[in-house]
Amino acid sequence: MFSGLKKDVSRFAMVILLGLFLTGCTLSNGAEQGRVSSGSQSSSQPAASPNSDMSNMKMPERLPSSETKVVRVNSVPNQVVIENFSFVPATLTVKAGTKVTWVNRDDVPHTATATDKRFNSKTLDTDDQFDFTFSEPGTYNYFCALHPKMTGQIIVK
Amino acid sequence: MSDEQKKDQDNQLERRSFLKCMAWAGAGVMWVMNAGVLSSCQLVPGYSRHKGVFSFVQISDSHIGFNKEPNQDVTKTFQEAVNKINALEDQPAFLIHTGDITHLSKPEQFDTAAQILKGAKTNQVYYVPGEHDVFTDDGKMYLERFGRGTQGNGWQSFDYKGVHFIGLINVLNLKQGTGTGLGGSGFGQLGQDQLAWLQKDVQALSSSTPIVVFAHIPLWTIYPEWGWGTDDSAQALSYLKRFGSITVLNGHIHQILQKVEGNVVFHTARSTAFPQPAPGTAPAPGPIKDVPADKLRSVLGLTDVSYVTNGSPLALTDSTLV
């Protein structure tokens, strides 16, 4: 998964390990940090194992096997990058009247869909973009309609 | 013979057959349920699969329209899956496609999939949609094309030679997971209308009727962090718990996973398009990209299901495209 790292460095202003992530740590970030650092490689196994033995007959109960997590901060103003099944930044704060752009850098389609359906990008395939201008102050929650675990927030001041 | 003795004998047989399986090597994996225990065997070339009352084949996640690593020609691998089915000695009674027929719900992608399936020797295909088939228009196009004879938003049931089949839809109106990152479910959901229909659908059936349930997103919680589960699946299964044999077939996760819980056998099928990582082994559940071209067909495949005799569980045979 880290083979694309070089590319990411040029795309994003900062690429830092979660363990060094000092600013903007909310409670949930802290919890996630603890979880990731306690993860161990001991149970790692090749992905897409051919399921030819008995070990796959039980549910794997593993933590994510990667010990480090890359937190990316997007350098382009008023832009949310969709990558690795996340919105980056997850929370973007803009002034009223700002046009926000989403761009999908993943190799699977995603959407940016407002929880209240105020905006909906529809399908964003790889490298597709979507714009929405936020004229009213407020907090706008959105998610990916295909992968609803992916959530983000635009705060308009 | 006492029950204990019988059990011992069964165990010995099982051990023996297991060791034999260990020595086999081949293209497919066969799953057979025996006395509540799943065992797996590699298929040897020329192996004669279970001959039973009838069989059907599950195909899944053809993602027509996907064109990136590790598979830039998913139409071809889908066609190969259909060719493989057509080459079976005992033709399946029908096919079940457990969703993500297309990658982006585009009309031409639906057309391509339908065209390839027209080439199947069996002309009966049952469908349930995946989220990729419904997310642009809440499933309107899917229903127009594949929803004939279904109820509500596309759910359905039918009987075949004494087995009751139920196709459920758990990919509509997916709700946002709460919070960012971990937390919230973001799971599939069946919804109250469909659950009410299901309860009524099975009401008049005798408890000895074998049940096969098929749906896209797994009806058991596989990995909450990736939303691999269905919010209200427990309620659906509660309507089925009185039945002696329940087989649940799902797709969505592009790999084989199995679980047995009481009388319920849960099984997920491989994709015909691309593999996804085992739960938790990657930062995200996207396609595994670095599959060498000559290995691709060993991680794609289909599931053959045989109904052997009344009272025995269905035999599941997974095989790859090579």
Compute the signed sum of charges (Lys and Arg +1, Asp and Glu -1) over the other residues within less than 12 Å, Cβ to Cβ, of residue B:210.
0
In the structure shown, do any of B:118/B:161; A:149/B:289; B:84/B:289; B:118/B:175; B:68/B:118; A:149/B:106 have a Cα-Cα gap over 28 Å, and if so which?
B:118/B:175
Scan around residue B:214 for amide H atoms under 5 Å from its own, H built in the peptide plane at 1.01 Å from N, and keep only partners 5 or more places away or cross-chain.
B:166, B:167, B:168, B:249
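Can you pull the mean other chain C-beta count within 10 Å for peptide B:281-293? Intermediate values should be presented prior to the final figure.
Working: counts 13, 7, 10, 11, 4, 7, 3, 4, 4, 3, 2, 0, 0.
The mean count of partner-chain Cβ atoms within 10 Å per residue comes to 5.
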Note on the stretch A:75-157: contact order normalised by length, alpha-carbon pairs under 8 Å, 6 or more apart, percent, works out to 33
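I'd like the per residue volume of the convex hull spanned by the Cα atoms of the stretch A:75-157, given in cubic angstrom. Please list the in-between numbers first.
Numbers: hull volume 6.3 nm³, N = 83.
So the per-residue hull volume is 75 Å³.
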Qualifying trypsin sites (Lys or Arg not before Pro) for the stretch B:113-163 [loop in DSSP, other Cβ within 10 Å: at most 12]
B:121, B:148, B:161
Spin-label point model (7 Å from Cα, Cβ direction): what's the residue B:242 to residue B:175 distance in nm?
2.9
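Express the C-alpha Rg of the stretch B:49-320 as a ratio against the empirical globular expectation 2.2 N^0.38 Å, rounded to two decimals.
Values: Rg = 17.5 Å, N = 272, 2.2 N^0.38 = 18.5 Å.
Scaled against compact globular proteins, the figure is 0.94.
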Backbone N under 19 Å from the residue B:208 label point (7 Å along Cα→Cβ), restricted to the stretch B:218-242:
B:241-242
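From the Cα gyration tensor of the stretch B:193-322, with a ≥ b ≥ c the square roots of its eigenvalues, which class applies: rounded if a/c is under 1.5, or else prolate if a/b is larger than b/c, or else oblate? Please list the in-between numbers first.
Working: a/c = 2.85, a/b = 1.61, b/c = 1.77.
Here the stretch B:193-322 falls in the oblate category.
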Can you find, among B:172, B:286, B:195, the residue farthest towards the positive end of the dipole of the stretch B:143-294? Put +1 on the C-beta of Lys and Arg, -1 on that of Asp and Glu.
B:195
³J(HN,Hα), Karplus 6.51/-1.76/1.60, whole Hz, each residue of the stretch B:312-322, x for Gly, Pro:
9, x, 6, 8, 10, 10, 8, 9, 8, 6, 10
Enumerate the amide H contacts of residue A:98 below 5 Å, restricted to partners 5 or more residues apart or on another chain; note that Pro and chain-start residues carry no placed amide H.
A:134
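Multiply the residue separation of residue B:312 and residue B:137 by 0.36 nm, subtract the distance between their alpha-carbon atoms, and state the gained length in nm to one decimal. It would help to have the intermediate numbers written out before the result.
Details: separation 175, 0.36 × 175 = 63.00 nm, distance 4.15 nm.
Separation in residues times 0.36 nm, less the Cα-Cα distance, equals 58.9 nm.
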Relative to the compact-globule scaling 2.2 N^0.38 Å, provide the ratio for the alpha-carbon radius of gyration of the stretch B:109-177.
1.21
For the modelled label position 7 Å from the Cα of residue B:88 along Cα-to-Cβ, which residues of the stretch B:94-130 have backbone nitrogen atoms closer than 11 Å?
B:94-96, B:121-122
Taking the Cα centre of each part, how many Å lie between the stretch B:89-129 and the stretch B:258-322?
18
Going by amide H atoms built from the backbone, whose H comes under 5 Å of the H on residue B:127, apart from near neighbours?
B:97
How do the peptides B:164-176, B:70-82, B:103-115 rank, highest first, by the average count of neighbouring beta carbon atoms within 10 Å per residue?
B:164-176, B:70-82, B:103-115
Please work out the C-alpha center-to-center distance from the stretch A:83-120 to the stretch B:188-210 and express it in whole Å.
38
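Where a number appears in this text, it was derived from the coordinates with a stated rule and is not lab data. Just so it is clear, the structure is predicted and the values come from calculations on it, not from any experiment. With ideal geometry, Cβ positions are generated from the backbone for all residues, glycine too; neighbour counts draw on all protein chains shown.
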